[in-house]
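Just so it is clear, none of the values below were taken in a lab; they were calculated from the coordinates. Just so it is clear, the model here is predicted, and its values are computed rather than measured. Note that each Cβ is placed from the backbone with ideal geometry, even for glycine, and that neighbours are counted across all protein chains shown.
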Amino acid sequence: MEQQLTYPNENVISIRGLKKYFGENKVLDGFDLDLGKKENLVVLGRSGSGKSVLIKCIIGLLAPDSGQIEVFGKDILSLDHQALDEMRIRIGFLFQSNALYDSMTVRENLEFPMRRHSIDLNEEDARQRIEEVLDNVGLSHTIDMMPSELSGGMMKRIALARTMILKPDIILYDEPTAGLDPVTGKEIITLIMDIRQKYNTAAIIISHDMKCVKATADKIILLQNGKNYKEGNYASFIGSDDPYVQQFFE
């Protein structure tokens with residue numbers, strides 16, 4: 001029977017004192033974060049400040065040097081490979097590059113996570129789930145197309161559908177609107193909000209797109225020198241007289 005994960009203190013992710021160094025480069029140097037149930041948290045910071053490193057640590061793609069990462073109340077740094085794999089089923093990751101498999105059709109790309117994690121669905125239930133997530137992103141007609149036949153915006157939406165195929169409780173978005181035209185970027189922003197509404201997901205969103213930040217963020221954390229430099233809602237950042245904060249909101 002599938003284990004039901006709990007949400008202690010209403011937080012689905014809690015990070016304390018996270019450190020990740022690459023040689024002399026202190027990318028994360030005592031970083032703290034709390035993500036609440038159904039909360040959208042945007043992490044801001046300059047390029048190379050450690051935003052992508054942060055989310056890779058959360059899902060275990062990178063091992064931090066020290067600190068604590070709790071997801072659903074479990075210390076992921078102490079989990080064995082099987083337990084970590086089970087945890088990842090609950091965490092969707094939208095890669096900036098989309099990371100679709102070029103040799104697979106859209107259907108096969110969506111089937112892959114279910115096969116990878118041995119999700120126990122019969123053929124009809126799996127088909128219905130694929131059709132559901134494609135309908136959610138407005139691309140039902142692409143089911144038998146190859147990624148090379150899709151536009152950049154369509155590939156982003158298919159990647160988002162693949163993220164949703166396992167019905168995660170948390171989604172990590174790495175620059176979800178990067179490289180997209182303004183109209184397509186707005187569509188992705190709308191999808192992010194629609195998914196939260198429909199599936200009650202929490203999300204960490206890495207973004208430099210201030211339209212995305214304004215539209216999606218319940219809370220913002222500004223990452224500087226490996227630490228949580230400032231935390232608050234959009235209005236508190238707009239109203240800040242701190243020159244470092246202001247440069248992101250000009």
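General observations
- Choice from ALA217, ALA83, ALA159 showing the highest fluctuation, given a GNM over the chain with Cα pairs closer than 10 Å: ALA83
- Here, the range 1-96 has an Rg and a Dmax of 13.5, 46 Å when only alpha carbons are counted.
- Think of each Lys and Arg Cβ as +1 and each Asp and Glu Cβ as -1; about the Cα centre, that makes the dipole of the chain roughly 480 debye.
- Charged-residue dipole, Cβ positions (Lys, Arg, Asp, Glu), the range 46-106 about Cα centre, Debye nearest 20: 300
- Mean separation of Cα contacts under 8 Å, 6 or more apart, over the residue count of the range 155-220: relative contact order %: 41
- For LEU172, LEU180, LEU61, the sequence from fewest to most other C-beta atoms within 10 Å is LEU61, LEU180, LEU172.
- Reference-scaled alpha-carbon Rg (2.2 N^0.38 Å with N residues) for the range 71-214: 1.04
- One chain, two ends: ASP102 and TYR21. Fully extended at 0.36 nm per residue, the span grows by 25.8 nm beyond their Cα-Cα distance.
- Net charge of neighbours whose Cβ lies under 15 Å from the Cβ of ASP80, counting Lys and Arg as +1 and Asp and Glu as -1: -1
- Taking other residues whose beta carbon is less than 15 angstrom from the beta carbon of ARG129, and scoring Lys, Arg as +1 and Asp, Glu as -1, yields -2.
- Angle in degrees between helix 152-164 and the longest Cα principal axis of the chain, rounded to the nearest 10: 90
- The relative contact order of the chain, computed from alpha carbon pairs under 8 Å that lie at least 6 residues apart in sequence, is 27 percent.
- Computed over the chain, the P(r) tail beyond 34 angstrom holds 16 percent of alpha carbon pairs.
- Degrees, to the nearest 10: 106-116 long Cα axis against longest axis of the chain: 70
- Once the Cα atoms are used to define both axes, helix 123-136 deviates from the longest principal axis of the chain by about 50 degrees.
- Near ILE195: Cβ cut-off under 14 Å, other residues only, Lys/Arg at +1 and Asp/Glu at -1. The net charge is +1.
- Positive-end ranking of ILE192, ILE238, ILE221 along the dipole of the range 140-250, with charges on Cβ about the Cα centre, is headed by ILE192.
- Relative contact order (percent, whole number), the range 77-189, Cα cutoff 8 Å, 6+ residue spacing: 43
- Gaussian network model of the chain, springs between alpha carbon atoms under 10 Å - residue of THR177, THR216, THR142 with greatest fluctuation: THR142
- Taking 0.36 nm per residue of separation and subtracting the current Cα-Cα distance, fully stretching the chain between ARG115 and ASP80 would add 10.5 nm.
- Each of ILE238 and ASP32 was given a label point 7 Å from its Cα along the Cα-to-Cβ line. The distance between the two points is 2.8 nm.
- A Gaussian network model of the chain, with springs between Cα atoms under 10 Å, assigns the largest mean-square fluctuation among ILE238, ILE91, ILE15 to ILE238.
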